[in-house]
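The values are calculated or read from the model by the stated rules, or taken from the named source; none is laboratory data. What you are looking at is a predicted structure, and each value in this text was computed from that prediction instead of being measured. Methodologically, a virtual Cβ is constructed for each residue, glycine included, from the backbone with ideal geometry; neighbour enumeration extends over all protein chains shown. Just so you know, the surface numbers come from the protein's heavy atoms only, side chains and all, with ligands and any DNA or RNA stripped out. Shrake-Rupley method; radii C 1.70, N 1.55, O 1.52, S 1.80 Å.
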Amino acid sequence: MVRVRLRVDPIKCKAHGMCGELFPERIRMDDWGYPVIESRPLPDDLLEHALRAVADCPRAALRLDPIDEPGARVRPDDAD
Ligand code: SF4
């Protein structure tokens, strides 16, 4: 299993704020309505909420990126 982290494209994002409501576990909104995303890898139990936020962003500004670092591959039972 490859770990992933949530990213935002700051050019595409237009501060709708929806993602902060859909995925408050890792996204908070700044004073201007733009998302501030925690950069830690996502544990399996948060993937469903993360995928929902990615799918529902009206600007397609969110994505899940694989973490391309040594040791990023984890066993299925190695959740955060
Ligand atoms: S839902 Fe999409 S466009 Fe809206 S603030 Fe979040 S990332 Fe930006």
Of all accessible heavy-atom area on the stretch 4-66, the percent that carbon and sulfur account for (1.4 Å): 53
Ranked packing of 60-66, 7-13, most packed first, by mean Cβ within 10 Å: 60-66, 7-13
Can you order the peptides 27-34, 42-49 by their average number of other Cβ atoms within 10 Å per residue, highest first? 42-49, 27-34
How charged is the neighbourhood of HIS16? Take every other residue with its Cβ under 12 Å from the Cβ of HIS16, and add Lys/Arg as +1 and Asp/Glu as -1. +1
With every protein chain left in place, what is the accessible area per residue of the stretch 4-66 in square angstrom, probe 1.4 Å? 61
